[in-house]
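Presented below is the structure to which this report refers.
Please treat every number below as a calculation from the coordinates, not as lab data. Not measured: the values here are computed from a predicted model. Neighbour counts run over all protein chains shown; Cβ positions are idealised from the backbone, glycine included.
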Amino acid sequence: MLSNFFEGKKKLLLSLNIICIVIVFAIGAQYFLLPKISIAYYGNDYKNLMFKCDNAMREHFIAKQLVKANPSDPTIKNLESNEVALLDCHDYDKLRKKLLTHGLSEAQLAIVGLDALEAKSESIRDFVDIHEIRY
């Protein structure tokens, strides 16, 4: 009878250990694997959308300044077309939030974004042109 009691305890402890191991692996996958898999899968999309949004915001800012300086039909139409380009920012923001929920940090996303800017610039002048706002 006592051996049955200990046998039952062994099975219970073995089951609890297996459950704990599964939980530890699941948490490890969530915090370590999911971010790496997500950036491998969505990284290029994120870089492209980030670059498009950055350009759209810059062009929109410039177009607004031109309308302020010279409110005419061509400058207003230019502003309106630049506002449509801001839809890329919506897609970028949605993907950014998705990657954050997949465990990537703000710093990791910033590094991916900087990689995108560096990849698009072939020279120092290109890099300055990417970051500079001209109006």
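Brief remarks on what is shown
- Backbone HN-Hα couplings from phi across the stretch 22-30 [Karplus 6.51/-1.76/1.60, Hz, Gly and Pro as x]: 4, 5, 4, 5, 5, 5, x, 5, 5
- In plain terms, the residue of D73, D91 with the fewest other Cβ atoms within 10 Å comes first and the most crowded comes last, giving D73, D91.
- By the count of neighbouring beta-carbon atoms within 10 Å, fewest first, C20, C53, C89 end up ordered C20, C89, C53.
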